[in-house]
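Asks: Sharing a structure below in structure tokens format, with a few things to ask.
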Amino acid sequence: MDDKEQIFKLRDELRQHNYMYYVMDEPSISDFEFDSKLKQLQDLEAQYPQYYDASSPTLRVGGAVTKNFETIVHAQRMYSLDNSYSKEDLMEWETRLRKMVDGPIKYTCELKYDGASISLTYEKGVLVQALTRGDGTQGDNVTANIKTIKSVPLKLQGDYPKKFEIRGEIVLPFEGFKALNSDRLAAGEELYKNPRNTASGSLKLQDSAEVAKRPLDCLLYSIVGENTGIQTQFENLEKARLWGFKVPTIAKLTDSIEGVLEFINYWDTHRHELPYETDGVVVKVNSLFQQAELGYTAKAPRWAMAYKFKAEQVSTRLEHISYQVGRTGAITPVANLEPVELAGTIVKRASLHNADQIEKLDVRIGDTVYVEKGGEIIPKIVEVDFSSRDSDSTKTNYISACPECDTLLVRNEGEAQHYCPNDMGCSPQIIGRIQHYISRKALDIEGLGGETVALLVNAGLIRDYADLYDLTSNQIIHLDRMAEKSADNLVNGVQASKDVPFERVLFGLGIRYVGETVAKKLAKHYKSIQALSEATTEDLESVDEIGIRIAESVVAFFKNEANIRMVSRLILYGLQLQLSEEALSNQTTQLQGLRFVVSGVFETVSRDELKALIDSNGGKVVSSISAKTSYVVAGANMGPSKRTKAETLKVPIISEQEFLELLNE
Ligand code: AMP
Ligand code: ZN
């Protein structure tokens, strides 16, 4: 055998041993033998650089250094999951599903691995890219670091699709976590708090050789992409396993919600036996066709539901209750606790949500309370230990006036939260709105941080975000801790924000319930602030995914004189309050006035592309068929109940091809 053949043979062998060891957990040779083969390969590769292979097992040791992780847009958005905390929530979900899809529904139950999500792209069986979830729309390119994780196959086996994406979770198993911490203890370094944060922190290390030293693992759970030839989620898992991925075999296919509950009950008690952390169960509608029928909300798939295991609890003493005022004026009561350790962190504060919650718990100062950490960052009080209550304790009276500005609080019919109505004069609201405006996903103003905003407001230099554009560096320089350079940076940062696209400015305005995704939708639909400000609630509600709550909030915002003045000033200063020429040029009015329902699976375009086409050509996508629907665009396997409904209401059903013709007429 010549050296070239030897290189290829060693690579294949090592790959196979790696797979047996890290994926199958059944070592096929000793560590010593493995290391000496690896060493042999390293030497040969050094001698023959012409046989370089980006997926060679020698690259597992890392070495590539990434200074700045490149941000890349996900080919398919990485959604989050809806959560449920009770069996009743799950049953309600099932009831909703039954109304939306035809026929029997099967479910795949999987564990919810607690780590950092990752999306891997394979082309011709080779790992070409690994992206973090980021904000779901775009993530960081961490390919070099991911390649060092031994259970991530660099090369696949079997009958895999030419190109596909696979998603999963990077986790740090307990044992590895403990080992890392005992090393740190020995080195006198601060200990890591929990496996999840350590896993996600590891992905962003600059030196991949450091990542290689961390015993990370990669558990996969979904294949993304149309035309993979796969029909169900369960099959997804089986296929991925065959191609060499580590897919936990703890997954169950069931045809009833009772089967789902059994799985949950079993794992709620047995999960502590697993080598890695899990925080729940993910239930997915098994049929990919039904999944496509169900689609997504702005945040999560309708076809999946996470069931969160009950979190760990501790008891401690409630010292006092303080009240925070948010940027929208909402009051949040906060419990200040005697510090106590919970799930690896020290807890000093817990959320009490609102007046009803305090009333319901009947929680009083001095009480011993049970604190629980769910998915939220801030823990919550779940129960009071009445048996240890002082006999002279007094009932908690909710505040009636704002702790910041003394204005009488209001509470709207049907809402749980109290509000301070003094939006123009209450300082945390004034500061909070401006802080939101400058935040990263909004105007992202460089050189200006949250604390400086507070300084500027307190010094009387600004009262709203429009005032930012009148600031001069002479005014700012007199503030505490403000050097000439940073004053200039601030002013330049503010000026630069005039190029930020419309959708982000719209998000920055801080209209209640208008989050990032909704802002994008509205910007795209209305194209300018002018058009949006003139929209009625009915008009707004007809936009896909916009509900009554958002519609009313938008209308209320533009009814307010002060807001109108502020927006007019922003226009005057030259902010982007309409879509750019470029964004507009991809748009036509070809489908103006038409309302479409999209159903089934398509050949030349994906469902999302089809919806985007309708949207950008002036049409409206609506979710259910009514007499007002102009067309139903039907792909393969359109649901029978939708078909009947369309036929009864005499709504024309057109094919993908006919739709494209309509577009090009
Ligand atoms: P959350 O971050 O709470 O919205 O939960 C969504 C995240 O759960 C996803 O982004 C995944 O990273 C993670 N996850 C863990 N296990 C699974 C699983 N089996 N299926 C889908 N998502 C999972
Ligand atoms: Zn106030």
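The values are calculated or read from the model by the stated rules, or taken from the named source; none is laboratory data. Every value quoted in this text rests on a predicted model; they were computed, and no experiment measured them. Please note: Cβ atoms are built from the backbone with ideal geometry, for glycine as well, and neighbour counts cover all protein chains shown.
Okay, residues lined up against (1) over 22 Å from Arg241 (Cα atoms); (2) assigned by TED's automatic domain parsing to the domain that holds Glu277; (3) not basic (Lys, Arg):
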| residue | (1), (2), (3) |
| --- | --- |
| Phe8 | yes, no, yes |
| Glu33 | yes, no, yes |
| Ala54 | yes, no, yes |
| Thr66 | yes, no, yes |
| Glu92 | yes, yes, yes |
| Ser119 | no, yes, yes |
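Asks: Can you tell me which residues in region 181-205 are more than 28 Å from Val224 (Cα to Cα) and modelled with pLDDT of 85 or more? Don't jump to the end; show me each part of the working.
Replies: If we filter region 181-205 for residues that are more than 28 Å from Val224 (Cα to Cα), which is where we start, we get 181-194.
Hits for region 181-205: nothing passes.
Asks: Inspect all residues belonging to region 350-365 and state whether any of them is out of contact with any strand residue (DSSP E or B) (no Cβ under 6 Å at 6 or more places or on another chain), hydroxyl-bearing (Ser, Thr, Tyr) and buried (at least 17 other Cβ atoms within 10 Å of the Cβ).
Replies: no
Asks: Phe596 fails exactly one of the following numbered conditions: (1) closer than 30 Å to Ala496 by Cα; (2) touching a Ser or Thr at 6+ places or on another chain (Cβ under 7 Å); (3) of a type in the set (Phe, Trp, Tyr). What is the number of that condition?
Replies: The number of the failed condition is (1).
Asks: Would you say Glu13 is surrounded by 15 or more Cβ atoms within 10 Å (Cβ to Cβ) and acidic (Asp, Glu)? Quick ask: steps written out before the conclusion?
Replies: Numbers: surrounded by 15 or more Cβ atoms within 10 Å (Cβ to Cβ): yes; acidic (Asp, Glu): yes.
In short, yes.
Asks: Among the residues of region 333-343, what is the count of those that are surrounded by 14 or more Cβ atoms within 10 Å (Cβ to Cβ) and at pLDDT below 90?
Replies: Residues in region 333-343 being surrounded by 14 or more Cβ atoms within 10 Å (Cβ to Cβ) and at pLDDT below 90: 2 in total.
Asks: Picking from Ala454, Ala466, Ala442, which residue would you name as being in contact with a Leu (Cβ under 7 Å, 6 or more places away or on another chain) and within 22 Å of Leu570 (Cβ to Cβ)? Can you show your working first?
Replies: Numbers: Ala454 fails: in contact with a Leu (Cβ under 7 Å, 6 or more places away or on another chain); Ala442 fails: in contact with a Leu (Cβ under 7 Å, 6 or more places away or on another chain).
On inspection, the qualifying residue turns out to be Ala466.
Asks: So which helices (runs of 4 or more DSSP H) stay within region 524-604 end to end and still have 2 or more residues that are within 20 Å of Tyr437 (Cβ to Cβ)? Before you say what the answer is, go through the steps one by one.
Replies: Numbers: elements: 529-534, 537-541, 548-559, 561-573, 581-585.
Here the list reads 529-534, 548-559, 561-573.
Asks: Okay, moving on. Return the pairs, sorted by first residue and then second, in which the second residue is outside any helix (DSSP H, G or I) and of a type in the set (D, E, K, R), the first residue lies in region 480-501 and is in contact (Cβ under 8 Å) with a residue 12 or more places away in the chain and over 21 Å from Glu516 (Cβ atoms), the beta carbons are less than 8 Å apart, and the residues are 6+ apart or on different chains.
Replies: Asn489/Glu446; Asn492/Glu446
Asks: With Gly62, Gly103 as the choices, which residue is among the small types (Gly, Ala, Ser) and closer than 26 Å to Pro195 by Cα? Working first, answer last.
Replies: Details: Gly103 fails: closer than 26 Å to Pro195 by Cα.
Answer to the selection: Gly62.
Asks: Another question, if that's okay. I'd like to know if region 221-229 contains one or more residues that are at pLDDT 90 or above, assigned by TED's automatic domain parsing to the domain that holds Glu92, buried (at least 21 other Cβ atoms within 10 Å of the Cβ) and closer than 30 Å to Tyr160 by Cα.
Replies: Yes, some residue in region 221-229 is at pLDDT 90 or above, assigned by TED's automatic domain parsing to the domain that holds Glu92, buried (at least 21 other Cβ atoms within 10 Å of the Cβ) and closer than 30 Å to Tyr160 by Cα.
Asks: Let me ask you something else. Does region 446-488 hold any residues that are part of a loop (DSSP other than H, G, I, E, B) and among the β-branched types (Val, Ile, Thr), and which are they?
Replies: Going residue by residue through region 446-488, those that are part of a loop (DSSP other than H, G, I, E, B) are 446-449, 459-464, 471-472, 477-483.
Across region 446-488, the qualifying residues are Ile462, Thr472, Ile477.
Asks: Taking the condition surrounded by 14 or more Cβ atoms within 10 Å (Cβ to Cβ), under 17 Å from Glu552 (Cα atoms) and of a type in the set (A, V, I, L, M, F, W, C), does Leu522 pass?
Replies: Details: surrounded by 14 or more Cβ atoms within 10 Å (Cβ to Cβ): yes; under 17 Å from Glu552 (Cα atoms): yes; of a type in the set (A, V, I, L, M, F, W, C): yes.
So Leu522 passes the test.
Asks: Of everything in region 290-330, what is within 12 Å of ligand 1 (Cβ to nearest atom) and among the aliphatic types (A, V, I, L, M)? Give them in sequence order.
Replies: Matches in region 290-330: Ala300, Ala304, Met305, Ala306.
Asks: What are the residue pairs meeting all of these: first residue in region 404-431, first residue under 15 Å from Ala454 (Cβ atoms), second residue more than 11 Å from ligand 2 (Cβ to nearest atom) and acidic (Asp, Glu), Cβ atoms under 8 Å, and 6 or more apart or on different chains?
Replies: Ile430/Asp464
Asks: So is Pro421 near ligand 2 (Cβ under 10 Å from one of its atoms) and farther than 25 Å from Asp470 by Cβ or not? Quick ask: steps written out before the conclusion?
Replies: Working: near ligand 2 (Cβ under 10 Å from one of its atoms): yes; farther than 25 Å from Asp470 by Cβ: yes.
So Pro421 fits the description; yes.
Asks: If you take the residues in region 394-418 that are surrounded by 13 or more Cβ atoms within 10 Å (Cβ to Cβ) and either away from ligand 2 (no atom under 16 Å from the Cβ) or among the hydroxyl-bearing types (Ser, Thr, Tyr) (or both), which one is nearest to Gly329 (Cα to Cα)?
Replies: Filtering region 394-418 for residues that are surrounded by 13 or more Cβ atoms within 10 Å (Cβ to Cβ) and either away from ligand 2 (no atom under 16 Å from the Cβ) or among the hydroxyl-bearing types (Ser, Thr, Tyr) (or both), the one nearest to Gly329 (Cα to Cα) comes out as Thr407.
Asks: Mind counting the residues in region 104-158 that are in a strand (DSSP E or B) and either under 19 Å from Leu59 (Cα atoms) or within 17 Å of the chain's Cα centre (by Cα) (or both)?
Replies: To start, the set of residues in region 104-158 that are in a strand (DSSP E or B) comprises 107-113, 116-123, 126-132, 138-141, 155.
Going one step further and asking which of them are either under 19 Å from Leu59 (Cα atoms) or within 17 Å of the chain's Cα centre (by Cα) (or both), we end up with 112-113, 116-123, 126-132, 138-141, 155.
Of the residues in that region, 22 qualify.
Asks: Filter region 98-149 down to the residues that are under 15 Å from Ala304 (Cβ atoms) and among the polar types (S, T, N, Q), then identify the one that is nearest to ligand 2 (Cβ to nearest atom).
Replies: Across region 98-149, the extreme among qualifying residues is Ser117.
Asks: Next question. Identify the residue in region 423-443 that is in a loop (DSSP other than H, G, I, E, B) and in contact with an Asp or Glu (Cβ under 9 Å, 6 or more places away or on another chain) and, among all such residues, is farthest from ligand 1 (Cβ to nearest atom). Give the derivation first.
Replies: To start, the set of residues in region 423-443 that are in a loop (DSSP other than H, G, I, E, B) comprises 423-426, 439-443.
Filter again for in contact with an Asp or Glu (Cβ under 9 Å, 6 or more places away or on another chain), leaving 424, 426, 441-442.
On the way: Met424: 36, Cys426: 32, Lys441: 17, Ala442: 22 Å.
Filtering region 423-443 for residues that are in a loop (DSSP other than H, G, I, E, B) and in contact with an Asp or Glu (Cβ under 9 Å, 6 or more places away or on another chain), the one farthest from ligand 1 (Cβ to nearest atom) comes out as Met424.
Asks: Quick test of your reading of the structure: Pro333 fulfils all but one of (1) over 26 Å from the mean Cα position of the chain (by Cα); (2) of a type outside the set (Gly, Ala, Ser); (3) on the phi > 0 side of the Ramachandran plot. Name the failing condition by number.
Replies: It is condition (3) that Pro333 fails.
Asks: A follow-up question, please. Can you tell me which residue is farthest from Tyr276 (Cα to Cα) among those in region 113-125 that are surrounded by fewer than 22 Cβ atoms within 10 Å (Cβ to Cβ) and within 8 Å of ligand 1 (Cβ to nearest atom)?
Replies: Within region 113-125, the match that is farthest from Tyr276 (Cα to Cα) is Ser117.
Asks: Please determine, by comparing only the residues of region 295-332 that are in contact with a helix residue (DSSP H, G or I) (Cβ under 6 Å, 6 or more places away or on another chain) and crowded, with 18+ Cβ neighbours inside 10 Å, which one is nearest to Gln435 (Cα to Cα).
Replies: Only one residue fits best here, namely Arg327.
Asks: Of these, Val632, Val567, Val621, which one is under 30 Å from Gly508 (Cβ atoms) and outside the structural domain of Asp544 (by TED's automatic domain parsing)? Working first, answer last.
Replies: Details: Val632 fails: under 30 Å from Gly508 (Cβ atoms); Val567 fails: outside the structural domain of Asp544 (by TED's automatic domain parsing).
After ruling out the rest, the residue left standing is Val621.
Asks: Which residues, counting only those in region 16-36, are surrounded by fewer than 18 Cβ atoms within 10 Å (Cβ to Cβ) and touching a helix residue (DSSP H, G or I) at 6+ places or on another chain (Cβ under 7 Å)? Please lay out each step first, then the result.
Replies: Going residue by residue through region 16-36, those that are surrounded by fewer than 18 Cβ atoms within 10 Å (Cβ to Cβ) are 16, 20-21, 24-33, 35-36.
Within region 16-36, Glu26, Pro27, Ser28, Ile29 qualify.
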